[in-house]
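Undergrad: My questions will all concern the structure given below.
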Amino acid sequence: MPLKICQLSTVDFTLYHFLRPLMHAQIAEGHEVVGVCADGDLVGAVREEGIRVETAPLVRSLNPIRNLRAGNALQKLFAREEFDLVHVHTPAAAFVGRLAAARAGIPRIVYTAHGFYFHENMPAPKRQAHVMAEWLAGRATHTLFTQSEEDAETARRLHLCKTGDISAIGNGSDPDVFKPAGSHEPRARLRADIGTPEDRIVILMTGRLVAEKGYGELLEAMRHVDAELWAVGTRLSSDHASGISDMIEAVAHEPDLAGRIRFLGYRQDMPDLMRAADIFTLPSHREGMPRSIIEAMLTGLPVVATNIRGSREEVVDGKTGLLVPLYDPVSLAGALQSLVSDKGLRTRLGQAGLDRARALYDEDMVIARQLDHLGLRAP
């Protein structure tokens, strides 16, 4: 029987970049799907694809008054719409959304944890507070999906779902979009547009311009790496993590770094950028199960990442890429330079990563797992 489903995220960025394929798949199965998020520039782009979107006063903030306002608005929306299933994503929306859905009497509440906000490197008191918040919201959760198996194990151990219905669904991307270069010409043309010589080794990093993505360690490492860095990303208006404006300014005042580090901002041509690069890196401090690594692997790039949850599930150290310790620019520089200096190693790791990503991280498989688990397939 067709259901009325709400897909809820805090900001439009998540709805547009990560949830559209899932919503389209549910619509294709005959269900009515409504996206809900804070208002933003990308809401219109989702609506243009035929998906209804409602906005709510959601915030990426711990401010109790603003979250109470958001929760009350969501409760009224859920009661008015009479959803059969509310599926929540991202920490802020997931917390207030689950409690609001429970108060509105929604029959089934599903939560996808795209990486728990708490992690092993967080100070104990702060970590415990976030665990308690997840446990509390878990009393209003019928199904809990995680992307990484490590997070699923953590959720089971901490009893973060009242029913115990916890599954790791993985993460994925589209292998028809992210794929190895088919010819030399597009790569050369894009490099020329950016101003990068054809024979220069390019390291690609993509992530919001916040310190927790590891930009500090990466920029320090680049002092000792004979390559060019393309940093792709922007800082969201809702970001509360420390920005890197001071780091960007410092790079601009060092001629050697300024000539080799390019901040490219927000781009919509990531597949082409990956095909024009030689190495991908993500030295992040915390992740769920990063899609950017999957996309790099599908493109055939070797990956250098920090040894953190999610990333270490995707990258097989020494086989599809290299893992380095957290907060360690020296090890990061060594790993990057080893790939810069050895084309054969880049090729071997890149091919192994491509094979692994095609086998495990096809977006269609991830969506199918969710549809099957939730019983959303049409008969």
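Rule-based calculations on the coordinates, nothing more; no lab input. Given the structure is predicted, the values throughout are model-derived calculations rather than measurements. Cβ sites come from the backbone with ideal geometry, for glycine too, and all protein chains shown count toward neighbours.
Undergrad: Give, as a single signed number, the net charge of other residues whose beta carbon lies under 11 Å from the beta carbon of THR206, with Lys and Arg counted +1 and Asp and Glu -1.
TA: Its environment carries a net charge of +3.
Undergrad: Run the simple label-point estimate for SER341 and ASP269 please: 7 Å along Cα→C-beta, distance reported in nm.
TA: Placing both labels 7 Å beyond Cα along the Cβ direction yields 3.4 nm.
Undergrad: Given region 186-281 reduced to its alpha-carbon atoms as identical point scatterers, what log10 I(q)/I(0) does the Debye formula return at q = 0.23 Å⁻¹?
TA: -1.29
Undergrad: How much FRET efficiency would the formula 1/(1 + (r/R0)^6) give for GLU254 and VAL330, where r is the Cβ-Cβ distance and R0 is 22 Å, rounded to 0.05?
TA: After rounding to 0.05, the efficiency reads 0.75.
Undergrad: Starting with the fewest neighbours, write out LEU158, LEU58 ranked by other beta-carbon atoms found within 10 Å of each beta-carbon.
TA: LEU158, LEU58
Undergrad: May I ask you to derive the FRET efficiency for ASP246 and ARG348 from their Cβ-Cβ distance with R0 = 41 Å, giving the value to the nearest 0.05?
TA: So, using R0 = 41 Å, E works out to roughly 0.60.
Undergrad: For the chain, what is Rg from Cα atoms divided by 2.2 N^0.38 Å, rounded to two decimals?
TA: 1.00
Undergrad: Report the residue, chosen from MET132, MET222, MET289, that carries the largest GNM mean-square fluctuation when the chain is represented by alpha-carbon nodes joined by springs under 10 Å.
TA: Maximum fluctuation in the GNM of the chain, among the listed residues, is at MET132.
Undergrad: Another one. Would you tally the net charge around GLU314, using a Cβ to Cβ cut-off of less than 15 Å, leaving GLU314 out, and scoring K and R as +1, D and E as -1?
TA: It works out to a net charge of -3.
Undergrad: Further, regarding this structure: Label GLU54 and ASN121 with points 7 Å out from Cα along Cα→Cβ: what is the distance between them in nm?
TA: Each label point lies 7 Å from its Cα, and together they span 4.0 nm.
Undergrad: Taking each pair of distinct Cα atoms in region 184-360 once, what is the resulting Kirkwood hydrodynamic radius in Å?
TA: 16.0 Å
Undergrad: Let me ask you something else. With the chain treated as a Gaussian network of Cα nodes joined by springs under 10 Å, which of ASP355, ASP193, ASP12 yields the largest mean-square fluctuation?
TA: ASP193
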